[in-house]
């Protein structure tokens, strides 16, 4: 099986990708409509909560954090695999990433935007959120630089702006192609402005390569640090179940895991709706699936390590939280997390399922369900079994407002993502051409099509 | 402040945070609660509602865990096999422990909760953005969040009752965190009076509302730096020291008729509230049930 057919004409690549900007399958519009409806639900819930107070979310003392923070971590995590595909694999010269890194990078950007919303939604006084930003003011008051939440805010803003930059810079040659092939209209104006006068001269290509590589190198440590800092929100606290040294790498592994699963989901959807069968080939899907399988096993391993270190660590409070997760009110969700996160991915080890699209769609959704549950199981159980016995017998269930906003966030992400794919080329044209070129070269030199880069 | 100093004695470092003055001179407010004297009558809690303008949230919101009692009287049941009416209960009044190395202070993203030079853990309502990280990190869960806009909620303060609000205490709007302040409004007044007379606050000059209302005198409150204060004497008699995380009672080196301890000391939050263990026997079981 080949990653891509080496005799695709370059003009055909342009044509096929440009067609995705105008002529998707009807499923596209259905997805868009559903996404808008979901956003409406989320916005309604948030407006209600904003007006009446946080109490409508049914959070309480001691359950101060709930689905908002859990879903926040989930979306932050989702953003990581975009960077994995576009930056890390770029440095490793993995050619197979080329047709799929653009949408993965877009996924990074939009899931970060969604995550940012949850920080806002969570705040009791949303209208004062800017107090948490280090802006100069005449009162001379700064935020508290000791607080992991502040590190969070900074890390997310840095990562978000860097990934927007990375996404944009990588798109410039493609935007020029769009510009050159569009009839007059708003699209032509948009692409003309965004292409920054790209002409494809040698000098431009050289500068472009250097810039792209530089941002890629800059982005990798950022991606790792962002989720480590999100992990610090918990690891730096004092609470049993959160105060775990291994949280930062554990969070990063979980992030890559859920991100890769999301890439499989979106791969399958895009491939169908935008008729990208020739570019998003099954061979590439297979490589993504194998990567996901590997990461799922890393995640499982880190999970086991955490359980073992809590179990043998003789910290009774942490141990109680773990026992409570496995046997208390959260037990069904906790075991579901183990099932979805560690058992379901075993299917991916079998060759015949690695290219089976219906199975992969179902599995990738289950993996992300597991990863969402994982985040919830990190946040919630600690509140119902903390250090202080007074907190132990409280039960709390998120209200429809919390569920509604979580639900709405999936619509919001899908909406942004689908709009992006319709307005910007979601397959990188110039990199696919490169990939085709590399293959023809390899064929010429070796006389076989085995090459790659 | 070198790193090694910071690591070797974190509590000492927190004493001077955030101002660079002499630690606790001339004030360090502290409390002692005698659990043997506590009858669980809840008068302290009621007094606190009246003094600090706490919203009475009603049954419905109480059942959702939105109650705002800054001091709560917790019940712990004897586990000796007896069923409810006969089962003995022990009471523990719990309020903000005004920790010296308070876990809530370091995590607040906007610095809305801080240490004051007189050893209080203060909360600035106007600065709070409601991230609730302080409460998430509080080992005692004694911070209360304004889940609703109580001042505009009809059944919390009916119109005719707004005249009853304490004018010295601000009424909190929705979305901010609040907690026990050791009745800081009273402390401010007496500190001002004392300063204008060129002295420090004398023992007995100020009481917290809960202390004032306690019918058995279980709560004592005062300036622990002042050797004349009852709190100072109690802490000293119990050999409980502010900057230690294991007290004499628990080291096993001293013959133990000592009763003083602080809750969850091993977390090294260095609370300012000392509790005195109960010495009463458990309530005797009704003998007729057990007679052969």
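The values are calculated or read from the model by the stated rules, or taken from the named source; none is laboratory data. What you see is a predicted model; the values in this text were computed from it and never measured. Neighbour counts run over all protein chains shown; Cβ positions are idealised from the backbone, glycine included.
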- Identify all residues within the stretch B:58-88 that are assigned to a strand (DSSP E or B) and more than 25 Å from residue B:209 (Cα to Cα); write none if there are none. B:77
- Got a number for residues in the stretch A:117-134 being surrounded by fewer than 17 Cβ atoms within 10 Å (Cβ to Cβ) and within 16 Å of the chain's Cα centre (by Cα)? 0
- Could you please find all residues in the stretch B:127-148 being closer than 26 Å to residue B:60 by Cα, at the interface with chain A (Cβ under 7 Å from one of its Cβ atoms) and not in a loop (DSSP other than H, G, I, E, B)? B:133, B:135, B:136, B:144, B:145
- Residue tally, condition surrounded by fewer than 21 Cβ atoms within 10 Å (Cβ to Cβ) and more than 10 Å from chain A (Cβ to nearest Cβ), over the stretch B:64-98: 16
- Being under 20 Å from residue A:71 (Cβ atoms) and within 20 Å of the chain's Cα centre (by Cα), is that true of even one residue in the stretch A:202-223? yes
- Query: Could you count how many residues in the stretch A:110-133 are within 30 Å of residue A:262 (Cα to Cα) and not in a helix (DSSP H, G or I)?
  - Reply: 1
- Query: Considering the stretch A:382-397 alone, what residues qualify as being surrounded by fewer than 18 Cβ atoms within 10 Å (Cβ to Cβ), more than 8 Å from chain B (Cβ to nearest Cβ) and modelled with pLDDT of 85 or more?
  - Reply: A:397
- Message: Based on this model, can you work out whether residue A:70 counts as more than 30 Å from residue B:152 (Cβ to Cβ), touching a residue at least 60 places away in the same chain (Cβ under 8 Å) and within 14 Å of another protein chain (Cβ to nearest Cβ)?
- Response: yes
- Task: Could you grab me the full set of residues in the stretch B:99-123 that are assigned to a strand (DSSP E or B) and buried (at least 20 other Cβ atoms within 10 Å of the Cβ)?
- Result: B:113, B:115, B:121, B:123
- Message: Going residue by residue through the stretch B:107-117, is there one that turns out to be away from chain A (no Cβ under 12 Å), closer than 26 Å to residue B:174 by Cβ and modelled with pLDDT of 90 or more?
- Response: no
- Item | Meets criteria (in contact (Cβ under 8 Å) with a residue 40 or more places away in the chain and buried (at least 20 other Cβ atoms within 10 Å of the Cβ)) for residue A:379 | yes
- Conditions (1) buried (at least 23 other Cβ atoms within 10 Å of the Cβ); (2) part of a helix (DSSP H, G or I) -> residue A:369 fails only (1)
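Please indicate, with yes or no, whether at least one residue in the stretch A:252-265 is surrounded by fewer than 21 Cβ atoms within 10 Å (Cβ to Cβ) and over 14 Å from residue A:78 (Cβ atoms).
Checked against the condition, which is being surrounded by fewer than 21 Cβ atoms within 10 Å (Cβ to Cβ) and over 14 Å from residue A:78 (Cβ atoms), the stretch A:252-265 yields no hits at all.
Looking only at the stretch A:134-156, which residues are assigned to a loop (DSSP other than H, G, I, E, B) and more than 8 Å from chain B (Cβ to nearest Cβ)? Explain how you work it out, then say what you get.
Pass one, the stretch A:134-156, residues assigned to a loop (DSSP other than H, G, I, E, B): A:134-147.
Correct list: A:134, A:135, A:136, A:137, A:138, A:139, A:140, A:145.
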- Task: Answer yes if at least one residue in the stretch A:188-195 is away from chain B (no Cβ under 14 Å) and farther than 26 Å from residue A:21 by Cβ, and no otherwise.
- Result: no
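Conditions (1) more than 14 Å from every other protein chain (Cβ to nearest Cβ); (2) under 18 Å from the mean Cα position of the chain (by Cα); (3) at pLDDT below 95, marked per residue:
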position: A:327; (1), (2), (3): yes, no, yes
position: A:379; (1), (2), (3): no, no, yes
position: A:426; (1), (2), (3): yes, yes, yes
position: A:429; (1), (2), (3): yes, no, yes
- Could you check how many residues of the stretch A:372-412 are touching a strand residue (DSSP E or B) at 6+ places or on another chain (Cβ under 9 Å) and assigned to a helix (DSSP H, G or I)? 2
- Task: For residue A:13, work out the one condition from (1) modelled with pLDDT under 90; (2) within 27 Å of residue A:256 (Cβ to Cβ); (3) in a helix (DSSP H, G or I) it doesn't fulfil.
- Result: (2)
- Task: Looking at (1) more than 14 Å from chain B (Cβ to nearest Cβ); (2) farther than 23 Å from residue A:68 by Cα, find the lone condition where residue A:374 falls short.
- Result: (2)
- Message: Being within 14 Å of another protein chain (Cβ to nearest Cβ) and in contact with a strand residue (DSSP E or B) (Cβ under 9 Å, 6 or more places away or on another chain) is the requirement here; does residue A:124 meet it?
- Response: yes
- Message: The conditions are (1) under 24 Å from residue A:404 (Cβ atoms); (2) within 14 Å of another protein chain (Cβ to nearest Cβ); (3) out of contact with any helix residue (DSSP H, G or I) (no Cβ under 9 Å at 6 or more places or on another chain), and residue A:47 fails exactly one of them. Which is it?
- Response: (2)
